[in-house]
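Below: the structure, in structure tokens.
The values are calculated or read from the model by the stated rules, or taken from the named source; none is laboratory data. These numbers were taken from a predicted model, which means no experiment stands behind them. No Cβ is skipped: glycine too gets one built from the backbone with ideal geometry, and neighbour counts run over all protein chains shown. Each accessible area value is taken on the protein alone, full model and side chains, heavy atoms only, with ligands, DNA and RNA left out. Shrake-Rupley method; radii C 1.70, N 1.55, O 1.52, S 1.80 Å.
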Amino acid sequence: GDKNGGKNNRYQLLSELTGLIKQQTNLLQQTHQHMGTTYVNNDQRLQDAVKLSTGENELSIATDHFFGKIASQSENTPVGPILDELSQAEQQMNRATQDLQDDVAADGKQQEQGALTHLIACRKAFQKVISDHPDAFSGDSAGELADEPTATDSLKALSQVSEMHDRDQAALKALHQVTQRQQSLAQTAGNDGS
């Protein structure tokens, strides 16, 4: 197979999952705004409710597609926890779709929050599967991947996200020290020159 195929595929799946999380977050915010809006006429309110319901339904369909992808690419990988979170998220999206359509926004919002929680748990489960099974979702057989560093590379990339914050902090500190050192050097140089 293609040497980079495995790694890219994992990234693709992970970024697709992150996309679902972003969409659910947006819909949740929109539902929240919808609940806080004072509508002059009922029609406008119902129209907005239908828009939210449609958005939630589309997200449910996208989640279902993603479920299918994970299931079909899971050869020799225990993806139970991932699929479990996805199907629970999807169930709550479907309930939210119905609630929003029925103009029960408060219930819809609760279901959306539940769906979001499951999607985030799903991303955690996904990352755990990748770290426990470096050849997961590679599209290649494990044998082909055994002598390649791709698996650890993708793991590194995943852990980098959490490290990034620490690194930023450390970099700022280092930068600060360098700046101070340069200032004191400049002062010494100035004294010599005079």
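A few points about this structure:
- With 0.36 nm allotted per residue and the present C-alpha distance subtracted, the D43-A62 stretch has 4.0 nm of extension available.
- Unsatisfied cross-links (Cα-Cα over 22 Å) in the set K124/K173; K69/K128; K22/K173: K124/K173; K22/K173
- Heavy-atom accessible area order for Y39, Y11, largest first, 1.4 Å probe: Y11, Y39
- Each Lys or Arg adds one and each Asp or Glu subtracts one; over the other residues with Cβ under 13 Å from the Cβ of Q33, this totals +1.
- Peptides 104-116, 61-73, 78-90 ordered by packing proxy, namely the average of other Cβ atoms within 10 Å per residue, highest first: 104-116, 78-90, 61-73.
- Contact order for segment 1-132, expressed relative to its length and based on alpha carbon pairs under 8 Å spaced 6+ residues apart, stands at 31 percent.
- Note on N8 and T54: with the Förster distance fixed at 41 Å, the Cβ-Cβ geometry gives a FRET efficiency of about 0.80.
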